[in-house]
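Here's the structure we're looking at; comments come further down.
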Amino acid sequence: MTLSTVATALITIVELPYAYDALEPYISAETLHFHHDKHYATYVAKLNELIEDTHYATMPLEEIVRTSDGAIFNNAAQAWNHVFYFEQFAPRAQHHPAGVLKRAIEEEFGTFEALKERMTTQATTLFGSGWTWLAADRDGRLYIISKPNAGTPLTDDLTPLLAIDVWEHAYYIDYRNMRRNSIDEMWKVIDWRTIDERYNAIAAV
C-alpha cells in the first residue's frame with residue numbers, strides 16, 4: 001500500500017487486517033480505500049505534524065487521546081477511533097456475542113436485538129458527524145454513548161467495545177444519505193469474537 005501523504009511517522013499507520021474487498025457488499029473496497037488510505041492516514045499525518053518536538057511525541061496514541069485537547073486531541077482521537085473501528089470487522093464474522101458479554105447485554109438491554117436497535121437509533125439520529133459507542137466501565141456494566149466529532153469513551157474512563165462511525169466519509173460512497181441503511185448493513189460484518197475479547201479483557205481484571 002502506498003500512502004504518499006504520510007512521511008516518516010511518530011505514530012504509524014496500522015494496516016487493515018483484511019483485503020479492501022473483503023467486506024463487500026456491505027462495505028465496499030472503494031469506501032475502505034478512501035476511509036483508510038485518505039481520511040485515517042490524513043489524521044495520522046496531521047497528528048505527527050502537531051506533536052513533533054513536543055512531549056506527546058514519545059507517548060502511545062491512547063495516552064495522547066487521554067491527555068490532550070484541541071487539534072492534537074481531534075487528530076489523535078480520530079486516528080485511534082479509526083484503528084479500533086477497522087479492527088472490529090471480519091469477512092467471516094461471528095454474528096452474535098457469547099459468554100459473559102452476552103449475559104451483560106441481556107442484563108442491561110434485555111436482548112441482543114434491543115442493543116442493536118438502540119445503537120442503530122442513536123447513531124442514525126446523532127446530529128452531524130461523530131461516533132456511537134458500546135462501552136463498559138471497570139465493573140463490566142455496559143453503556144451506549146454518542147459523541148460528536150472525534151469523541152471517544154476513553155475520555156470518560158470507559159473501555160470502548162464497539163464503534164459506529166457516522167462521519168459521512170464512512171458510508172456516503174455506498175449509501176449516499178441513507179445513514180440508517182449503512183448501519184443496518186454494517187452489523188453483518190461486525191465480528192463479535194473481537195467484541196467478546198475486548199469485554200473479556202475487562203472481566204479478567
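The values are calculated or read from the model by the stated rules, or taken from the named source; none is laboratory data. These numbers were taken from a predicted model, which means no experiment stands behind them. Every residue, glycine among them, receives a Cβ derived from its backbone with ideal geometry; neighbour counts consider all protein chains shown.
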Residue ranges of helices (runs of 4 or more DSSP H) in region 68-176 with at least 3 members outside the structural domain of ASP191 (by TED's automatic domain parsing), touching a residue at least 12 places away in the same chain (Cβ under 8 Å) and in contact with a Leu (Cβ under 6 Å, 6 or more places away or on another chain): 70-86
Evaluation of TYR199 against (1) among the aromatic types (Phe, Trp, Tyr); (2) in contact with a strand residue (DSSP E or B) (Cβ under 9 Å, 6 or more places away or on another chain); (3) in a helix (DSSP H, G or I); (4) surrounded by fewer than 19 Cβ atoms within 10 Å (Cβ to Cβ) (one fails), failing number: (4)
With the condition kept exactly as written, say whether any residue in region 169-179 is in contact with a Ser or Thr (Cβ under 8 Å, 6 or more places away or on another chain), at pLDDT 95 or above and of a type in the set (Asp, Glu). yes
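Which members of region 97-115 meet the condition of being out of contact with any helix residue (DSSP H, G or I) (no Cβ under 6 Å at 6 or more places or on another chain) and either at positive phi or not β-branched (Val, Ile, Thr) (or both)? First the steps, then the outcome.
Initial filter on region 97-115 (out of contact with any helix residue (DSSP H, G or I) (no Cβ under 6 Å at 6 or more places or on another chain)): 99, 102-104, 106-108, 110-111, 113-114.
Listed by number, the residues that qualify are GLY99, LYS102, ARG103, ALA104, GLU106, GLU107, GLU108, GLY110, GLU113, ALA114.
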Among what's in region 84-136 and is surrounded by 14 or more Cβ atoms within 10 Å (Cβ to Cβ) and basic (Lys, Arg), pick the residue that is nearest to ASN149 (Cα to Cα). ARG118
Output the number of the condition that ARG176 fails; it satisfies all remaining conditions of (1) surrounded by fewer than 17 Cβ atoms within 10 Å (Cβ to Cβ); (2) out of contact with any helix residue (DSSP H, G or I) (no Cβ under 6 Å at 6 or more places or on another chain); (3) closer than 28 Å to PHE73 by Cα. (3)
Can you find, within region 58-67, the residue that is nearest to the chain's Cα centre (by Cα) among those that are touching a residue at least 24 places away in the same chain (Cβ under 8 Å) and surrounded by fewer than 18 Cβ atoms within 10 Å (Cβ to Cβ)? GLU62
Restricting the first residue to region 10-28 and requiring it to be under 19 Å from ASP184 (Cβ atoms), which pairs with a second residue that is among the acidic types (Asp, Glu) and surrounded by fewer than 16 Cβ atoms within 10 Å (Cβ to Cβ) meet a Cβ separation below 8 Å and a spacing of at least six or different chains? SER28/ASP21
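Taking into account only those residues within region 43-57 that are assigned to a helix (DSSP H, G or I) and of a type in the set (Ser, Thr, Tyr), which is nearest to the chain's Cα centre (by Cα)?
Step one: of region 43-57, the residues assigned to a helix (DSSP H, G or I) are 43-51, 55-57.
Checking the rest, the ones that are also of a type in the set (Ser, Thr, Tyr) come to 43, 56.
Values: TYR43: 14, TYR56: 22 Å.
For region 43-57, the residue satisfying everything is TYR43.
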